[in-house]
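K.L.:
This structure is in structure tokens; I'll ask about it shortly.
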Amino acid sequence: MDFQIAFDKRDLPRIHDALDRIVSSNKWTEGYYTELFENKWSEHNELHSVAFSSWSGAALAALDYFNLKGKKVLCPSNTFMATPLVTMHCGAEVEFVDCNRYDLCMSFDDMKNKAEKHKPHAIWVVHIGGHIAFDIEKIADYCRKNGIILLEDCAHAHGASWKGKKPGQWGDAGVYSFYATKTITTGEGGMLVSKNKDLIEFSRKFRNYGKFDYKVHGLNFRITEFQAAIGVVQTERLKDIISFKNEYAGKLDAIYPNHVKLPDEMVSGYYKYIVFDPIDNSTGKVYQEQCHRILKHNVDLPNSDWVSENHWCVPIYYKP
Ligand SMILES: Cc1ncc(COP(=O)(O)O)c(C=O)c1O
């Protein structure tokens with residue numbers, strides 16, 4: 001099955017209307033649709049939201065706000081290189097943590113070992129494949145008790161929840177990607193979510209060179225009004241996309257018994273449908289190569305290596 005962007009053709013007239021409105025408004029950035037996209041996302045995610053031109057920009061804003069330059073940050077190795085690279089880019093030192101084999105996400109036990117060893121200021125958790133990291137409650141509790149900042153990489157996790165709690169609600173900040181392959185997309189785009197109003201205010205300045213008092217030294221990470229308009233429509237369509245994918249996943253469960261098994265009351269956004277046996281029509285691996293190997297870190301992460309060798313993705317695309 002060929003890759004298919006999650007877009008419902010019924011939404012095309014709404015996008016056309018928005019494009020007409022933007023063109024005639026003479027406001028192609030930082031306007032009505034950016035604010036509407038943020039408001040819609042806040043309503044869905046139950047957190048304050050700031051839209052960015054990419055995940056990277058939003059992640060940099062959070063890292064800069066927490067002043068992590070020169071500090072240690074724990075990061076799973078089983079993630080996209082974006083997570084360690086953005087952390088290194090802000091001047092922090094990355095230490096890699098192993099994952100669990102059953103959810104492909106950060107292992108609480110290895111996180112605790114690495115936290116005791118490295119005394120990190122912050123920890124990234126990545127919700128791999130669209131489900132919530134199974135150890136998130138324990139990790140969040142540990143971070144709270146030890147004064148460690150918890151950052152959630154929500155790039156895969158649109159529409160996921162666990163007992164009603166949504167990605168970004170465990171940590172100090174969550175960062176979504178709206179890159180073209182994601183569960184919903186604006187072509188390129190990102191969203192920072194948080195309950196921390198001070199971080200939100202900082203981030204809004206960070207994406208726009210610190211305008212207008214220039215106390216925040218950000219760069220240009222603005223999203224265009226065209227992308228934001230697509231984001232509005234896509235956010236409104238998210239519920240349908242998630243229920244379509246969950247229904248489809250239910251059918252796949254019967255065909256592929258050796259799949260990621262979700263705990264009670266967890267809803268996956270099914271960015272990926274992950275199985276632990278080789279299959280014919282796989283779209284490949286979530287990540288073929290572990291970040292600690294790419295960056296040549298001398299650390300033993302047996303579950304991360306195992307995951308690279310032993311999982312595959314069954315195509316799961318929204319086709320209404
Ligand atoms: C886990 C993860 N984090 C971060 C990113 C980066 O997002 P963006 O491409 O929007 O910068 C991606 C993918 O694109 C990702 O899969």
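The values are calculated or read from the model by the stated rules, or taken from the named source; none is laboratory data. Since the structure is predicted, the reported quantities are computational estimates derived from the model, not experimental observations. Reconstructed Cβ throughout: ideal geometry from the backbone, glycine too, with neighbour counts over all protein chains shown. Side chains included, ligands, DNA and RNA excluded: accessible areas come from the protein's heavy atoms. Shrake-Rupley method; radii C 1.70, N 1.55, O 1.52, S 1.80 Å.
K.L.:
Please give, to one decimal in nm, the separation of the simple spin-label points placed at Leu19 and Met81, each 7 Å out from Cα toward the Cβ.
P.N.:
Those two pseudo-labels are separated by 3.4 nm.
K.L.:
Let me ask another. In whole Å, what is the distance between the alpha-carbon centres of the range 65-103 and the range 251-312?
P.N.:
What the calculation gives is 19 Å, centre to centre.
K.L.:
Rank these residues by their accessible area, most exposed first, probe 1.4 Å: Arg144, Arg207.
P.N.:
Arg144, Arg207
K.L.:
What is the spin-label model distance, in nm, from Lys261 to Arg293 if the labels are put 7 Å beyond Cα along the C-beta direction?
P.N.:
Those two pseudo-labels are separated by 2.7 nm.
K.L.:
Sticking with this structure for a sec: Enter the accessible area of Met81 (Å², nearest 10), with the probe set to 1.4 Å and all protein chains included.
P.N.:
40
K.L.:
Please give every one of the lysines within straight-line cross-link reach of Lys112, meaning a C-alpha to C-alpha distance under 27 Å, and leave out same-chain neighbours fewer than 8 residues apart.
P.N.:
In chain and number order, the partners are Lys69, Lys71, Lys72, Lys138, Lys145, Lys163, Lys165, Lys166, Lys195, Lys261, Lys296.
K.L.:
Another question, if that's okay. Per residue of the chain, what 222 nm ellipticity follows from adding -39500 (n - 2.57) for every DSSP H run with n ≥ 4, rounded to the nearest 500?
P.N.:
The helix contribution divided over the chain gives -12000 deg cm²/dmol.
K.L.:
Between the range 207-233 and the range 175-196, what is the separation of their alpha carbon centroids in Å?
P.N.:
The two parts, judged by their Cα centres, are 14 Å apart.
K.L.:
Next question. Compute a Gaussian network model of the chain, connecting alpha carbons closer than 10 Å, and tell me which residue from Tyr176, Tyr270, Tyr65 fluctuates the most.
P.N.:
Tyr65
K.L.:
Using a Gaussian network model of the chain with C-alpha springs under 10 Å, which one of Lys296, Lys272, Lys166 is most mobile by mean-square fluctuation?
P.N.:
Lys296
K.L.:
Mind giving me the nanometre distance, one decimal, between the label points for Lys9 and Lys112, set 7 Å out from Cα along Cα→Cβ?
P.N.:
5.4
K.L.:
What order, most packed first, do the peptides 31-43, 222-234 have when packing is the mean number of other Cβ atoms within 10 Å of each residue?
P.N.:
222-234, 31-43
K.L.:
Students often check this: by mean Cβ neighbours within 10 Å, which of 145-151, 15-21 ranks highest, and how do the rest follow?
P.N.:
So the order, starting with the most tightly packed, is 145-151, 15-21.
K.L.:
With +1 on each Lys and Arg Cβ and -1 on each Asp and Glu Cβ, and nothing else charged, work out how big the dipole of the range 9-314 is about its Cα centre, in Debye to the nearest 20.
P.N.:
Magnitude of the dipole: close to 600 debye.
K.L.:
Moving on. Taking a ≥ b ≥ c as the square roots of the eigenvalues of the Cα gyration tensor of the range 163-219, is the shape rounded (a/c under 1.5), prolate (a/b larger than b/c) or oblate?
P.N.:
oblate
K.L.:
Figure the gain on full extension for Asp141 and Met1 (residue separation times 0.36 nm, minus the Cα-Cα span) and round it to one decimal in nm.
P.N.:
46.3 nm
K.L.:
Also: For a bin width of 20 Å, list the pair-distance distribution of the chain built from all Cα-Cα distances, rounded to whole %.
P.N.:
Reading upward from the zero bin: 34, 58, 8.
K.L.:
Would you tell me the accessible area of His156, worked out with a 1.4 angstrom probe on the heavy atoms of the protein chains, in Å² to the nearest 10?
P.N.:
Roll a 1.4 Å probe over it and His156 shows about 10 Å².
K.L.:
DSSP H helices in the chain with Cα extent of 30 Å or more along the helix axis and mean Kyte-Doolittle hydropathy at least -0.5?
P.N.:
Both cut-offs are met by 225-255.
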